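See structure below.
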Amino acid sequence: MSQAQIDMLQRALAREKLARKQAEKILENKAAELYQAKQELEKSYTELETLLNKTDSQLQGVFENIVDAYVIMDLQGNILKVNDAAVSLLGFKDSNQEFNLLEMVKPNEIERVAESFKMLLKTGSITDFSVNIITKKKVEKLVHINASIIYDDGIAVAAQGIVRDITLQRKYRKSLEAEKLKYYNIISNMNLGLVEVDLNDRIIMVNQSLLNMTGYSEDELIGKHGVNLLPVDEDRDLLKERIRERREGKTESYELRIKKKDGELRYWLVSGAPNYDLDGNIIGSIGINFDITELKSLQLQKELLLEKLAKSNDDLQEYAHIVSHDLKSPLRSINALVTWVKQDNVGKLDAVTLQNLDLIDTTLEKMEQLITDVLNYSSVGTNHNDKVEVDLDVVITDLVKIMYKPDHVTVNILNKLPVVKGDETKLRQVFQNLIGNAIKFINKDNGFVNIDVEDANTHYQFTIADNGMGIEEKFHNKIFKVFHALNKSKDSTGIGLSIVKKIVDLHEGQIWLESVLGKGTTFFFTIKK
């Protein structure tokens, strides 16, 4: 081998050695870089694992605390995961129970559920789907479902859904619908006309009764201005004013004259009130209308009758005074003639003649008293004096003091008498008549008349009791009728108790008696407070 060849070989070996060293250096650097990259990767992996665990924990917390039931299932309906709300809703023991949701669907709903599941697979989601199920605890429920598909690289792998129990909601809705139907039927069939108008007085609802009351059809009324269609011309301004007041929130009742479609005039009693929306804003008004035409006619007839009655009473009163005067005049003339006969024939007339003349005088006195009592009876109720507060304790105490009382009779007021509203003169007349009668017919050596009172809720009940002759039961009702006197004496005309009853009636009371023959009588009467 030549020296040149040896030198060339040595140079090649040197270059190879240098290249090897350079390669080793590069490998060392790459190894260092790889080690560093490995360290950084391991660190990143640890951080990512920590983050994933944290996120999974957070998602699990969200999953478990969803208020509504949350269900994940495979595409065959087998449950993969449920939250606590779903466990409660579906009647499971715990969240690990294996079950196929399709087994809960009621048989008659299977076909509908299958169609909905096909739609879910096709569109990826369904909303507002409701189905009846039977839970594991054998409870039937209506549930509302919003569901969607879970994909992995574009392939459907599972389904998830929010399941809400709407059983009570359906129950309440049906109850509300039933109530709505009930009140709709009531409104439609009641005898009161119902109309609803908007803020522009356009009719937006009427019931059947209002259609019957007006003669119009629903199409003829809806959208029309009620104020221009129904009331008579003279009452339109009144209705406009009431509508304005309802817009201000006022409620009122008033009478309105309306014209039916055929032109017939009717009288309505209208009760109007504002109509509010859910936010409390006035959106119109509602009117309930009652046809009072017949009542109005009766009222007008009543007013005419009252006018005629008042005129008749006035004529009767005038007639009574005229008759009283005309009857008393000849009585006075007869009385004067009898007196003159007595005076002109003093010592000339025998005892029988004088007795007959005295009998004439007695009869004339009784006749005049009878005429006076008839006039008083006809006058009771015609003088409409205003009722005032009358202190009966003072009035009757004074009356007892001035009344004639025989020595053998005592009059006692047992309790303080009340203050009542009434006509003082007429009330005094009641007590005077009853007390006077009691005194008149006491036939015992020690007689008494006891006056008492008790509270009877809306009335005061008075009693006037005596220990006199008593009254047979068969006369208890007759004695209050005109001209029914039990004792035919010159002092009794048979009208006194009739006047008493009439006065008690005017004070919205009643009068009756209890009596035992030979032991005494008690008169009861009431006066409204």
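The values are calculated or read from the model by the stated rules, or taken from the named source; none is laboratory data. Just so you know, these numbers come straight off a predicted model, no measurement behind them. With ideal geometry, Cβ positions are generated from the backbone for all residues, glycine too; neighbour counts draw on all protein chains shown. These accessible areas exclude ligands, DNA and RNA; they are computed on the full protein's heavy atoms, side chains included. Shrake-Rupley method; radii C 1.70, N 1.55, O 1.52, S 1.80 Å.
Does Ile72 meet the test of being modelled with pLDDT of 85 or more and either in contact with a strand residue (DSSP E or B) (Cβ under 7 Å, 6 or more places away or on another chain) or in a helix (DSSP H, G or I) (or both)? Can you show your working first?
Numbers: modelled with pLDDT of 85 or more: yes; either in contact with a strand residue (DSSP E or B) (Cβ under 7 Å, 6 or more places away or on another chain) or in a helix (DSSP H, G or I) (or both): yes.
Spelling it out, Ile72 is indeed modelled with pLDDT of 85 or more and either in contact with a strand residue (DSSP E or B) (Cβ under 7 Å, 6 or more places away or on another chain) or in a helix (DSSP H, G or I) (or both).
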Report task. State yes or no: is Arg257 among the basic types (Lys, Arg), within 22 Å of Gln299 (Cα to Cα) and surrounded by 13 or more Cβ atoms within 10 Å (Cβ to Cβ)? Result -> yes
Report task. Consider only pairs whose beta carbons are under 9 Å apart and that are at least six residues apart or on different chains; among these, list those whose first residue lies in the range 85-98 and is under 18 Å from Val139 (Cβ atoms) and touching a residue at least 24 places away in the same chain (Cβ under 8 Å) and whose second residue is surrounded by fewer than 13 Cβ atoms within 10 Å (Cβ to Cβ) and of a type in the set (D, E, K, R). Result -> Leu90/Lys137; Gly91/Lys137; Gly91/Lys138
Report summary line: Restricting the range 508-529 to residues that are among the charged types (D, E, K, R) and part of a strand (DSSP E or B), the one farthest from Phe462 (Cα to Cα) turns out to be Glu514
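Can you pull out the residues in the range 270-287 that are in contact with a Leu (Cβ under 8 Å, 6 or more places away or on another chain) and open to solvent by 70 Å² or more (accessible area, probe 1.4 Å)?
Pass one, the range 270-287, residues in contact with a Leu (Cβ under 8 Å, 6 or more places away or on another chain): 270, 282-284, 286-287.
Once the filter is applied, which keeps residues that are in contact with a Leu (Cβ under 8 Å, 6 or more places away or on another chain) and open to solvent by 70 Å² or more (accessible area, probe 1.4 Å), the range 270-287 yields only Ile283.
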Requested in this report: Collect the residues in the range 80-109 that are outside any helix (DSSP H, G or I) and either open to solvent by less than 20 Å² (accessible area, probe 1.4 Å) or closer than 19 Å to Val131 by Cα (or both), keeping them in residue-number order.
Outcome: Val82, Asn83, Gly91, Phe92, Phe99, Asn100, Val105, Lys106
Report task. Would you tally the residues in the range 395-444 being of a type in the set (Gly, Ala, Ser) and either under 49 Å from the mean Cα position of the chain (by Cα) or outside any helix (DSSP H, G or I) (or both)? Result -> 1
Report task. Taking only the range 231-266 into account, find how many residues are touching a Pro at 6+ places or on another chain (Cβ under 6 Å) and closer than 16 Å to Tyr216 by Cα. Result -> 1
Report summary line: Out of (1) open to solvent by less than 70 Å² (accessible area, probe 1.4 Å); (2) under 20 Å from the mean Cα position of the chain (by Cα), the one Met213 does not meet is (2)
Query raised in the report: Is it true that some residue in the range 124-136 is in a loop (DSSP other than H, G, I, E, B), in contact with a strand residue (DSSP E or B) (Cβ under 7 Å, 6 or more places away or on another chain) and of a type in the set (Phe, Trp, Tyr)?
Result: no
